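Worksheet: the structure to be examined is printed underneath.
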Amino acid sequence: MEHLEFDYDGTGAKPARAFALAGVVGSGNLEVLIEAADLGGRCAAVVDTSVRGYGETWRQVLADFFARHAMSDVRVSINDGGATPAVVSLRLDQAAAEIKDASA
Amino acid sequence: MRVARHSFYEATARRRVDGLLDQNSFREFCGPAARIVSPHLPALGMPVAFDDGVVVGEGTIDGRKVLIAAQEGGFMGGAVGEVHGAKITGLLERAADVKPEAVVLLLDTGGVRLHEANAGLVAMGEIQRAALSARHAGVPVIVAIGGKNGCYGGMSIVARSCDWIIASEEGRLSISGPEVIETVEGIEEFDAQDRALVWRTMGAKHRRLIGEIDALVADDMGAFRSAILNFVGRPRPLDLDALEAEHAMLSRRLERFWDCADGRDVWARLGINDPAAVPALDADSFNGLVGALEGGRS
Amino acid sequence: MLEKADAPRRWDTLERSYRARIERGAAFADGKIVRRDETERFLEAVIEPGDRVCIEGNNQKHADFLAAALSKTSVEAIHDLHIVQSNIALPPHLDVFERGTARRLDFCYAGPQGLRMARLVAEGKIEVGAIHTYLELYSRYFCDLTPHVSFVAADAADADGNLYTGPNTEDTPAIVEATAFKSGVLIAQVNRIVDKVPRVDVPGDWVSFVVEAPKPHYIEPIFTRDPAVITEVQVLMAMMVIRGIYEKYGVTRLNHGIGFDTAAIELILPTYAEDLGLKGKICRYMSVNPCPTLIPAIESGFVESIHCAGSELGMEAYTAARSDVFFIGRDGSMRSNRIFCQLAGHYSDLFIGSTLQIDLEGNSSTATLSRITGFGGAPNFGSESRARRHGSEAWLKAGREQRLSGEMPRGRKLVVQIVETFGDGMSPTFVERLDAWELQKTFDMPLPPVMVYGDDLTHLVTEEGIANLLLCDTMEERAQAIRGVAGYTPVGMKRDREMVARLREKGAVQYAEDLGVDKRLATRDLLAARSIKDLVAWSGGLYDPPSRFRNW
Amino acid sequence: MSEAASAMDRVLVELFGEDHGVVRDAATLTGVARFDGRAVTVVGTADRAVIGADVALRLARAVLDAMRDEPGRPILVVVDNAGHRLSRRDELMANNGCIAHLTRCLDAARRRGHRVVGLVHDLAVSGGFMATGLSTDLCYALPGSEVRVMAPAAMARVTKIPLDRLEELSAVNPVLGPGVENFIRVGGLEGVWDGDLMAHFREALSRPLDGADMRRALGESRGGRSAAARVAAAVRAGAAA
């Protein structure tokens, strides 16, 4: 396992909901827990992954994610079973869509 | 055609809970944000899940209060570890306290999580005892099986200790997985690749025909919901007479079918004219057949 | 001159050899029917050392009994054979090299035997003539690699040797034609001998001998893709293909690869493409095996006609009941033919398939280190058809996009590769240099084993988007367009973001939003069938999947 | 009679005397013995039996008989098995249903005031332990016996964790490896009966119990299962976190 932590500038509104979860931890899959957190406007990400040595890729995938979804005061926590960046981005987008959804 | 069907099989544990309960009625206990994860997996270099692979909480189904647990088959095959098991046990114990109209267990599991084997096995015993305690408190416990993993290992014993079992025809209910039997006893005993054989031996249709489960439904969220609703608020007796009746039923089964080599032989002996056609029947036709058999018996 | 006068040239040596072989073989046969338990001695009688021998080994149907028998013959009697067969699939195919029965090999595809093949080549037990494509090898049967003896597999034969191949005709016609008309010995392995075959696929007078095998020939359901394992990412890519390529060019005639990526496309035709109003406008005529995942597209009226290279296990009753769509004999069962299917696919508007590695020129390969596999038919399907002269909307539009220098207008075949940026075990699909170069060195090949050449490729589809190489004017643009869809692979991370932005402006790189693809729809709910059972339902119960694919 | 079987017989003799009245039918043990002047129903298996559907029903019958014959009569469950039977026929008959029936009978006996005591002799494996020992009020093991979910080599194969690593981890984490000691620590076993068996049995019969499942608390206090009690309590309380 490898533990990674990242920190990004916040750019948009605080999320509508307290938290949202997308995905399931499994081979080639991951779960993304996204939560409102008091981070002084910043965004943070914590990754626990079963595949070592992809820190730079995670940094970039998450940077692109936060650039795509303007958010602030958000913490993303990931348990990863070796998902490809495509699947990671998909789950991140699903989680973001849900936490931004004020309807429920 | 039949595209818009809302599949139970396809859904994650969370989607199953959402799909079965009244909208926005679900309140989760010890949810993912609480991060109650397995204390054992990290030492083995395995990723954890924030809910340890089971969702537990309360909500309503058609306005009737239920407690519900849903195993996530995608995480470690739905296997029961220490935390996972304790969540289900706690939920069943709560049932005895708060007396909902039912506890619903959506099981999707290979059994004990080997990575925390001893805790998982003892947890099975605890889950079973808690399920029986809930029943003694008058709360019916309803099991639904329709995920990728079926319901295997100790949880198959738990399932048969509950009041009602509902399964889709994708469902399987058995103590040993076919692969285990093949590995230990050889391919002559069980060819695990022969999936038609697997379903004829352990699948929901066979289980329905021999009286191991109470309802067979299509793989559809609405069908599961209706079947569950049918059993909400309907506890089954758990007294000595009920145990004797069960004993008589099981003994009769072994007497009648012990020499059968295949599910088809059992079905033929049950009076089904074309046993080979059973696997291809859809849920409605199959239930029609079951109805005709039971009608013929009474 | 004098020598010639002394020994006048004979012009029927092959014919005389044929007669001698038949006479020797007849000792082990009753009429044309070989006594099964004497098969090995029979083979020793008809085969001579150094012969070119073809063992029918298709994608699916295999002359497996004869292949096994050959691998048990005496090496003293039979040795140094030159095997000329398309598919090396079964252990006996290589046993004959291991033990010295055969030495030289010309083939197309080695799939699961690739690792052992590599070992035997390294040990000098196999001399590889060449790794061909299907059409190349069949062509050489009629040129310089004509078999002396061929084993074919058929479903049934009568006493006269008339053969019924059933739906899996595959390579049989090519092998039979080349062998029978060049004085070769044609031996058929059949599942059963009958009084009258359902239809004559091979006339009896072309067939020298028939052996009834102890059990039906080996057949593998290699074209069955279980919809249950199609991922959301594959659905997303399928959506992009439909919008960005099929709809854009109006592709009606095409060939699909057989992976999960193309299965996903097939399975969203009745949903996504239907909603886009594309029925009757795309995917009407296909050259492909009867993949079960095509059933919903056929049933919903998208795909109108399919010619098949071979059949697929479990699809027999379905194809037979859809004679408007498939090519069906008077007996009611399907007829396939790999050559014609390959040709039809070659001259269609589009090929789409998957690969393991792509470089910055767009060359792609499925070859991996330590294995020798070959590519079968993909290179034939996946190449520009330069001899094409007829126009079609898709072909002409692609040609206009390519803007070749000079005045002469010309069409262009669409050759598409569909891949995820990372493959199994996080291995990047995009590489600066293909493993194929290394493989060439290791096995001393004349060329690196490339499946589809970069200059044949027109589009590259990943989960990131589509690179349209027709719109790239320079090799640098082409490389950046490829980097632009290569995602987070090292190749993709090295993209020149400004240049990719410019390529995006001119449409050479398109992302989902540029294509009008709503990513939120990219779920498995879009699949017309999400399980094998759904496919059975779509087929009205006609599709009978092999047991291993069932979950009921 | 095998060595293990004679060892089993010695245990029965030590507890109930020479004429203990426990009868063996194949691998099944049933009978009514006397202990301190009162009747005790003995059910169980011997010789590392595999629990098939038929075996489960035979044992269940004996438990049902005990409930019918004498309310409150103690039941000793002798546990010696290699797990449930791995066969197509047993699965066809739904072995899980038959084992569930056995466990429900044991559970019913407990709730009806029969003290149900388990005693692992030699071996208890996975489903076989669940069928028997885990359905008792109190379950003990004899010295030298073993309880496990799966043999370590098989476990290494299934979990894809190298055997040596698995054994290394088992040494420090009682949830992982086989052994009576580990099962005691996770609360699956009450303890080991060494020395005076009669004294141990007498204590087990007379121990005041309120019917609550104490195994998690035991696991917690013995440091073998630290999370279960807390998590179950939180869920029972309906806690969000």
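Every number in this text was worked out from the coordinates using simple rules, so none of it is lab data. Quick caveat, the model's predicted, so the values are computed rather than measured. Please note: Cβ atoms are built from the backbone with ideal geometry, for glycine as well, and neighbour counts cover all protein chains shown.
Data table
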quantity	calculated
Over chain A: helical MRE at 222 nm, DSSP H runs n ≥ 4 each giving -39500 (n - 2.57), nearest 500	-9500 deg cm²/dmol
Options C:P290, C:G540, C:A130, ranked by Cα towards positive dipole end of the protein assembly as shown, top entry (Cβ charges)	C:G540
Modelled FRET efficiency - R0 22 Å, C:E136 with B:Q193, Cβ distances, 0.05 increments	0.05
Ranked C:M408, A:M1, criterion: other C-beta atoms within 10 Å, fewest first	C:M408, A:M1
Tensor-based shape of the range D:1-72 (alpha-carbon gyration tensor, a/c under 1.5 rounded, otherwise prolate or oblate)	oblate
Rounded to the nearest 20 debye, dipole of the range C:227-534 from Cβ charges on Lys, Arg, Asp, Glu	660
Gyration tensor verdict on the range C:227-534 (Cα atoms; rounded if a/c is under 1.5, prolate if a/b is larger than b/c, oblate otherwise)	rounded
Value of relative contact order over chain B, rounded to a whole percent, pairs C-alpha under 8 Å and six or more apart	14
Cα-centred dipole magnitude for the range A:47-100, charges only on beta-carbon of K, R (+1) and D, E (-1), debye, nearest 20	20
Chain C: relative contact order as a whole-number percent, Cα under 8 Å and 6+ apart	13
Net charge over other residues, Cβ less than 12 angstrom from the Cβ of C:Y543 (K, R count +1; D, E count -1)	-2
Pairwise FRET efficiency - C:R99 versus D:S6, Cβ, R0 = 51 Å, nearest 0.05	0.35
Pairwise label distance in nanometres, C:S370 with C:D205, each label 7 Å out on the Cα-Cβ vector	5.5
Inter-site label distance for C:C143 and A:D38 at 7 Å from Cα along Cβ, in nm	7.9
Gyration tensor (alpha-carbon) shape descriptor, the range C:14-212, a/c threshold 1.5	prolate
Inter-site label distance for B:K65 and D:D25 at 7 Å from Cα along Cβ, in nm	4.8
Share of Cα-Cα pairs in the protein assembly as shown lying beyond 54 Å, as whole percent	30
Angle between chain B longest axis and helix B:240-257 axis [Cα atoms, degrees, rounded to 10]	50
FRET efficiency estimate (nearest 0.05) - Cβ-Cβ, C:D12 to B:A280, R0 45 angstrom	0.15
Per-selection Rg to Rh, the range C:104-154 - Cα, Kirkwood hydrodynamic radius	1.00
The range A:1-78: C-alpha pair distances exceeding 14 Å, %	61
